[in-house]
1. When you scan segment 171-226, how many residues do you find that are out of contact with any Gly (no Cβ under 8 Å at 6 or more places or on another chain), outside any strand (DSSP E or B) and touching a residue at least 60 places away in the same chain (Cβ under 8 Å)?
2. If residue 167 passes every condition in (1) at pLDDT 95 or above; (2) in a strand (DSSP E or B); (3) over 24 Å from residue 50 (Cα atoms) but one, which one does it miss?
3. Residues that are modelled with pLDDT of 95 or more and surrounded by 14 or more Cβ atoms within 10 Å (Cβ to Cβ): which strands (runs of 3 or more DSSP E) entirely in segment 97-161 hold 1 or more of them?
4. How many residues are over 22 Å from residue 200 (Cα atoms), in contact (Cβ under 8 Å) with a residue 60 or more places away in the chain and outside any strand (DSSP E or B) if we restrict to segment 60-96?
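The values are calculated or read from the model by the stated rules, or taken from the named source; none is laboratory data. This structure is a prediction, so every number in the text was calculated from the model and none was measured. Note: ideal-geometry Cβ built from the backbone for every residue, glycine included; neighbour counts use all protein chains shown.
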Amino acid sequence: MKALIFPSFIILVLFAGCKKDREVIPPLPSPPNEVIYPNFSQLKAGNYWVYQQFIVDSSGNATPTNVYDSCYVEKDTLINNNTYFKVYRPIPGMPQWGYTYLRDSLHYIVCYRNFQNQSSKICFSSQDFNTTFYSYHMTYGNLQDTIALVTAKMEDPGLIVSTPAGSFETSTFKINYNYGANWDDFGNPRHQNTRYSEGVGIVSEELPHIYSNPNYLERRLVRYQVN
């Protein structure tokens, strides 16, 4: 019996000593070259955002509608050995575009969609306001005529945006559409602005527009929960 009690006593003493040591050791400092970038994505399963849709005319006048969109982070998953988060953001008339896969990479947010053989694209940066992240000519079916030249970059750092949920300081991921002569019914460029706020995520975004309609459909934040 003594042989059993003695080792148990030694283990208890060692455990108590280790616990005491951990209490007096301060947290390890960050590596000297590590940079912590602000979080504009809020990618964590269970986070959600609710938006109200507005119709915005060419003069910037916004008319609220009775349509509300719920967006959320569903789960994380591996794509090409990188951890992405599956995010649902509905797009009217294009349900196959509802799910997007996003990940943070330094100060960038990288977007991936798993249809039409799309590759990853940058869809936001909190620091890079000089780079054109992508540029391509948009065509329709077998038409030889180019509909538009599409380019994307960051703009408007520090812009204050008002929504039903309040006012937020934002930066804008802007997609510009420069339409060809046969498609520019309402001038150039048309745009698609997505405005992000640190610690919140997207607070307002313009949905894909119709080239023959001068108005935009925009959703603005009503409430949200991020962890």
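1. Adding up the residues that qualify gives 9.
2. Only one criterion is unmet by residue 167, namely (3).
3. Per the criteria, 99-105, 108-112, 121-125.
4. Residues meeting the conditions: 2.
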